[in-house]
Amino acid sequence: MRAALRAARAVLRQEPESWLAYLHGRQLENLPHLTRTPPRQVGAWRRVLLALRFMVRDTRPGAGPAGQARYLFYAGSANQAHALEGTLAALRRRGEHTVALGHGNAGEAFPFRPFSISDLLGGLWLLVGRLPALWRQTREAHPLTRAWYFDLLCRCPILLVHFHRLLRRHRPAVVVTSNDHSVDNRCLLAMAHHLGIATVYCQHASVSPLFPALRVNVALLDGAAALDIYRRCAANRPPGPSDAPRPCVFLTGQKKALPARASGAGIGIAVNTLDDTARVRALLEALRGWPVILRWHPRQAKEQVADFKRILADTGGAFSDPAEQPVGDFLARLRVLIAGDSSIHLEAALAGVRPLYYPITPADTDDYYGYVAVGVADRARSLDELVAWLNRDPRSPTVDGDSPVRYYSHTFGTEWEGREGELAADILQTMPDADRYPDLFGYQGPLRP
């Protein structure tokens, strides 16, 4: 435990909790959707109690299975897992020793690895000693960082101790994750860098200029759009020296399993956690009689999901549960997808489904990901215009290599389309021989601002 505590303290000297819990600790003023609806428990000390509950709830006796692996994969959600599954499967087919870990609802391929008793004791000891520093860090932050999200910062000590134990236990040469801004992923990456383990970031969704600076050994980005954005993120990092490397970038396409060209007849509606239930009802009422299939976000509140099901029972629509149906299977049922600001527009375009940009609930930023601006998605400005689009029976046309879709997914229209997991596995197996990188598809070289 002493080694884990020393390592965690060393990480926190370079990257304090407000940077590890990046979005809530550093960017809250730029994310108004996170400051609209207060949580049930408000106040710094109530949030500390929530962090303690999180630590105790996820603790189990025993150290868990051991075994050395060359590659350690980690997913904190189902969406993150879907972006890693193809690469993980390709490496296993090639006989590579891998271990996959998860948290939350990451799925069967990424089993949850609970905290050990030693993790809990070390995390509690470190948290108690860090509380004054946490209070100082949040003194000048957005006021809701303490009042609503202080528990996320308080999770960092036990996560660092936990990942130190797992990394020492499995001794991987490479850590692979598909998220670089959530607190658990960032704690894993920071501890891997401290221990001198190579890291790989495999993009799982569209990115934003608010994201942290990209700090891994190898970054497998979907396309040039993500690379352009990450160049703008270069200043989003803690001041001072850091163990974190600058990445070598490859453009390896969108990596989730999608149908080659969907041929369904459904009208898909993708909602998210910010969409107002009354507005969703109004949309479904307007599309009564159409073959509507509603899909909610994996983190949608249970109460809201129950409301959606009741509305669908009234309007005659069907639904796609993300906990049971992968996004590729959902898209295979469609000819049109309706959504606001969501990466699912790109996934629809890749699957041959026409994406229609229609924010069900007005957004803070219009066309946040730029899909309408570059021609990936069409815009419907009103319900009448939306219905007019549906009456045209639109479907994404056959496209070539000059399609705007390729700006977001570099493999689109190439021999690697649909084989992105194999391409990513090729790159991982080449590590750490950087001299061979330029011979691989999608090589862009070191990231420069």
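The values are calculated or read from the model by the stated rules, or taken from the named source; none is laboratory data. Computed from a predicted model, the values in this text were never measured in an experiment. Cβ sites come from the backbone with ideal geometry, for glycine too, and all protein chains shown count toward neighbours. The area values use the complete protein model at the heavy-atom level, side chains included, leaving out ligands, DNA and RNA. Shrake-Rupley method; radii C 1.70, N 1.55, O 1.52, S 1.80 Å.
Mind listing just one residue for me: the one in the range 261-277 that is hydrophobic (A, V, I, L, M, F, W, C) and open to solvent by less than 70 Å² (accessible area, probe 1.4 Å) and, of those, modelled with the lowest pLDDT? In this case the residue turns out to be Ala262.
This table checks each residue for (1) within 26 Å of His33 (Cα to Cα); (2) open to solvent by 30 Å² or more (accessible area, probe 1.4 Å); (3) at pLDDT below 95; (4) in a loop (DSSP other than H, G, I, E, B).
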position	(1), (2), (3), (4)
Ile293	yes, no, no, no
Ala306	yes, yes, yes, no
Asp341	yes, yes, yes, yes
Asp364	yes, yes, yes, yes
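For the subset of the range 415-440 comprising residues that are in a loop (DSSP other than H, G, I, E, B) and free of Cβ contacts under 8 Å to residues at least 40 places away in the same chain, which member is nearest to Tyr71 (Cα to Cα)? Taking the candidates together, the pick is Asp433. Residue pairs whose Cβ atoms lie under 6 Å apart, sitting 6 or more positions apart in sequence or on different chains, and linking a residue in the range 145-162 that is over 27 Å from Leu195 (Cα atoms) to a partner that is in a helix (DSSP H, G or I), are Thr145/Leu28; Arg146/Ala44; Tyr149/His24; Phe150/Ala44; Phe150/Arg47. Screening the range 186-211 for residues that are touching a Cys at 6+ places or on another chain (Cβ under 7 Å) and farther than 22 Å from Ala7 by Cα and picking the one that is most open to solvent (accessible area, probe 1.4 Å) gives Pro209.
With respect to Arg237, is the statement that it is surrounded by fewer than 21 Cβ atoms within 10 Å (Cβ to Cβ) and touching a Gly at 6+ places or on another chain (Cβ under 6 Å) true? For Arg237, the condition - surrounded by fewer than 21 Cβ atoms within 10 Å (Cβ to Cβ) and touching a Gly at 6+ places or on another chain (Cβ under 6 Å) - is not met. Does Leu258 meet the test of being open to solvent by 30 Å² or more (accessible area, probe 1.4 Å) and closer than 23 Å to Thr87 by Cα? Considered against the rule, which asks whether it is open to solvent by 30 Å² or more (accessible area, probe 1.4 Å) and closer than 23 Å to Thr87 by Cα, Leu258 comes out as yes.
Evaluate the following for Ala349: is it assigned to a helix (DSSP H, G or I), open to solvent by less than 40 Å² (accessible area, probe 1.4 Å) and modelled with pLDDT of 90 or more? Considered against the rule, which asks whether it is assigned to a helix (DSSP H, G or I), open to solvent by less than 40 Å² (accessible area, probe 1.4 Å) and modelled with pLDDT of 90 or more, Ala349 comes out as yes. Quick one: would you say Ala90 is surrounded by 17 or more Cβ atoms within 10 Å (Cβ to Cβ), assigned to a loop (DSSP other than H, G, I, E, B) and out of contact with any strand residue (DSSP E or B) (no Cβ under 7 Å at 6 or more places or on another chain)? Criteria not met by Ala90. Only one entry in Ala147, Ala173 is over 27 Å from Ser343 (Cβ atoms), in contact with a Gly (Cβ under 7 Å, 6 or more places away or on another chain) and modelled with pLDDT of 95 or more, namely Ala147.
Picking from residues in the range 308-320 that are part of a helix (DSSP H, G or I) and open to solvent by 40 Å² or more (accessible area, probe 1.4 Å), the one that is farthest from Gly107 (Cα to Cα) is Asp314. Screening the candidates Arg288, Arg279, Arg215, Arg246 for the property of being among the basic types (Lys, Arg), touching a residue at least 24 places away in the same chain (Cβ under 8 Å), part of a helix (DSSP H, G or I) and more than 25 Å from Asn105 (Cα to Cα) yields one hit, Arg279.
Residue check: is Leu447 open to solvent by 10 Å² or more (accessible area, probe 1.4 Å), in contact with a Phe, Trp or Tyr (Cβ under 8 Å, 6 or more places away or on another chain), over 22 Å from Ala339 (Cα atoms) and modelled with pLDDT under 95? For Leu447, the condition - open to solvent by 10 Å² or more (accessible area, probe 1.4 Å), in contact with a Phe, Trp or Tyr (Cβ under 8 Å, 6 or more places away or on another chain), over 22 Å from Ala339 (Cα atoms) and modelled with pLDDT under 95 - is met. Candidates Gln41, Gln68, Gln27: the one that is touching a residue at least 40 places away in the same chain (Cβ under 8 Å) and in contact with a helix residue (DSSP H, G or I) (Cβ under 8 Å, 6 or more places away or on another chain) is Gln68.
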